[in-house]
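So the structure is just underneath, and the comments pick up after that.
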Amino acid sequence: MKKIIFAGALFLAFAFTGCNKDTEEINPERMKLIDRMENLDVPEPIKNSSNPNAQQVVEYVNSVKSVSGFFSWFDVPEDARRENTKATSEVYTWSYEGTTVWETLTETATAYKWLIEVNEGAGRKKLAEAEEMKDGSEGWMKIYDYQNDEALIMTYYWTFDAAGNCVMTLEFTDGTLKYESKINVDESGEVRYWMDEVLFYYFQWNTDGSGSYSMYDETGAEVMTESWSVDDL
């Protein structure tokens, strides 16, 4: 059930990716996370393994990296028109197959903010908003159910250190699921997975693909721990 909820949330973003498909994209201000995500991955032995521990690592990391599925909303197509421009904000709008999209870009002294709204015929509704520090060191993105009173579905948070290592969190508003991944540029990392606000799994892996995991009960006590080597993959 939780995977169905997660897939449904992603569908909100993918449903209209065609808005940008046949136009040259322009970017009034491009989110730095978009490019930095390309440098974050897990070791090849883990990605290509049938080992259940390795597959869990890939699943949890991909869950957090699913933030990239929403990036297309923040690309303004060449045929968009500028609705209004102020000293600290700009509004762009475009339409595709009956759907109208607005992107509001706001600049503060230290950050950029984006607001995405859509209208499928039932009025202008909020779909997503994001904020990122100008140096790209941290940010967040919120995803809303624009078809259901603009309820907040989930929030992504991210931070980068000077080396480019990233801590990224995906948190569902209802508290049922939370993923936190530390993904390093050398492809080592760790994941924490919470269910109903209680830590359930902790995975750690090394650059060569070896690693370990721990499982916890509802009180937070460790009930199982196991490690794997490269040969196990």
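The values are calculated or read from the model by the stated rules, or taken from the named source; none is laboratory data. Predicted model, so just to flag it, every value in this text is computed and none were measured. Backbone-built Cβ (ideal geometry, glycine too); neighbour counts: all protein chains shown.
Structure data summary
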| read-out | value |
| --- | --- |
| Per-region count, the stretch 23-77, residues part of a loop (DSSP other than H, G, I, E, B), under 27 Å from Glu131 (Cα atoms) and either out of contact with any Cys (no Cβ under 6 Å at 6 or more places or on another chain) or modelled with pLDDT under 85 (or both) | 10 |
| Answer residue from the stretch 109-123, given it is in contact with a strand residue (DSSP E or B) (Cβ under 9 Å, 6 or more places away or on another chain) and surrounded by fewer than 13 Cβ atoms within 10 Å (Cβ to Cβ) and is modelled with the highest pLDDT among those | Thr110 |
| Pair list, Cβ < 9 Å and 6+ apart or interchain, from the stretch 146-162 residues that are in a loop (DSSP other than H, G, I, E, B) to residues that are aromatic (Phe, Trp, Tyr) | Glu150/Tyr144 |
| Lone unmet requirement of (1) surrounded by 15 or more Cβ atoms within 10 Å (Cβ to Cβ); (2) among the acidic types (Asp, Glu); (3) in contact with a Phe, Trp or Tyr (Cβ under 7 Å, 6 or more places away or on another chain) for Asp145 | (3) |
| Qualifying residue in the stretch 84-106 (condition: within 18 Å of the chain's Cα centre (by Cα) and buried (at least 17 other Cβ atoms within 10 Å of the Cβ)) | no |
| Condition check for Glu90: in a strand (DSSP E or B), more than 30 Å from Asn206 (Cβ to Cβ), free of Cβ contacts under 8 Å to residues at least 24 places away in the same chain and touching a Lys or Arg at 6+ places or on another chain (Cβ under 9 Å) | no |
| Selected residue (only one of Val167, Val191, Val223 is in contact with a Lys or Arg (Cβ under 6 Å, 6 or more places away or on another chain), of a type in the set (A, V, I, L, M) and either under 30 Å from Pro52 (Cα atoms) or in a strand (DSSP E or B) (or both)) | Val167 |
| In the stretch 148-164, the residues that are surrounded by fewer than 17 Cβ atoms within 10 Å (Cβ to Cβ), within 16 Å of Leu40 (Cα to Cα) and not hydroxyl-bearing (Ser, Thr, Tyr) | Asp161, Ala162, Ala163, Gly164 |
| Single condition Asp186 does not satisfy, out of (1) touching a strand residue (DSSP E or B) at 6+ places or on another chain (Cβ under 8 Å); (2) not in a strand (DSSP E or B) | (1) |
